[in-house]
Amino acid sequence: MKLKLQPIPWGRYVLMTLGLSFLAIAVLFPLLNIFYQAFASGIEAYLESVTMPEARHAIFLTVLIALICVPVNTVFGILAAWVLARYSFPGKVMLLLILDLPLAISPTIVGLMFILLYSPTVGLFSSWLQAVNIRVIFALPGMILTTLFVTIPFVVREVLPVLQSMGLEEEEVAQTLGANSWQIFWRVTFPTIRWGLFYGVILCTSRAIGEFGAVSVVSGKLINETNTLTLHIEQVYAEYQTVAAFACASLLAILALLTLVAQEFLRNLDVSRTVDAAKSSERRKSAL
């Protein structure tokens, strides 16, 4: 028997056309234009743009900051999510609001906050920093601190719901059987939170590499010293080096696309594993 497809009302075609047109204008065309402009002068000009000394230093500095910030925020995110999911204490709601603050506050304001704390002239800790001869603003420490701030929520916000839905039963059983804290985490907790954790790490890495506003305020934009990749793109674009700007921007675009692919892969993997686990549970119940 043939199934008769239901006709789609014309109103839906209009809405679909409007939605797809908006996506094409706002997302697809600008993204494609980045790659078109990047390769407009040929592959040699592209490679020269992304391998010039200033670009290489900017890429190195960007990767260095990400390599420092992502592991720190990964460990902090797991610990914070664990405390929030397992314990009740006064001020818990306030702590959750503080963790979400980097998502709500403007990156430029974040940079100014660190200027007012660590500036050698007007900062709250200026006297102490001068006494110990540590330079934070317009130097790598300030860029790391601001990147840590803006990337704090990603891991904790992905791991926390998983821990809350997981419950305590499996961990309590493992503890009853004599497992220590590390064994409980590695063999019971981590297998459950790992996909949420990987997803949070991906988002954290993407934000750390693509951060512009907060870093631009505290970095000073010193070429070959404090210029990250996003700052380098702005600098060469302001100097009318269009190919160099779009070539470096294409690297960030590629990273963003890889992030989306990894995100979708992990989501599908998580859904597949959840379905398999549900089927296994049903089979065990049927056998009993």
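Structure summary
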quantity	calculated
Simple label model, 7 Å out from Cα along Cβ direction - VAL261 to VAL75, nm	3.2
Structure-based [θ]222 nm, the chain - -39500 (n - 2.57) summed over DSSP H runs of at least 4, per residue, nearest 500	-25000 deg cm²/dmol
Carbon and sulfur %, accessible surface of the range 22-68 computed with the full protein complex present, 1.4 Å	75
Zone of GLU48's modelled label, taken as backbone nitrogen in the range 236-253 under 16 Å from a point 7 Å along Cα→Cβ	240-248
Values of log10 I(q)/I(0), in the order q = 0.24, 0.25, 0.27 Å⁻¹, for the range 107-171 under a Debye, Cα-only, solvent-free model	-0.97, -1.02, -1.10
Rounded D (µm²/s) - the range 135-215, Kirkwood Rh over Cα pairs, Stokes-Einstein at 20 °C, 1.002 mPa s	146
Point-to-point label distance, LEU28-GLU170, nm (Cα→Cβ direction, 7 Å offset)	4.1
Orientation-averaged projected area, Cα convex hull of the chain (nm²)	25.5
J(HN,Hα) series, the range 156-162, from Karplus relation 6.51 cos²θ - 1.76 cosθ + 1.60, nearest Hz, glycine and proline x	4, 6, 8, 7, 4, x, 5
Backbone HN-Hα couplings from phi across the range 216-221 [Karplus 6.51/-1.76/1.60, Hz, Gly and Pro as x]	5, 6, 9, 8, x, 6
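The values are calculated or read from the model by the stated rules, or taken from the named source; none is laboratory data. Being a predicted model, the structure only gives us computed values, none of them experimental. For neighbour counting, all protein chains shown are included, and Cβ atoms are generated from backbone atoms with ideal geometry for every residue, glycine included. Heavy atoms of the whole protein, side chains included, go into the accessibility calculation; ligands, DNA and RNA do not. Shrake-Rupley method; radii C 1.70, N 1.55, O 1.52, S 1.80 Å.
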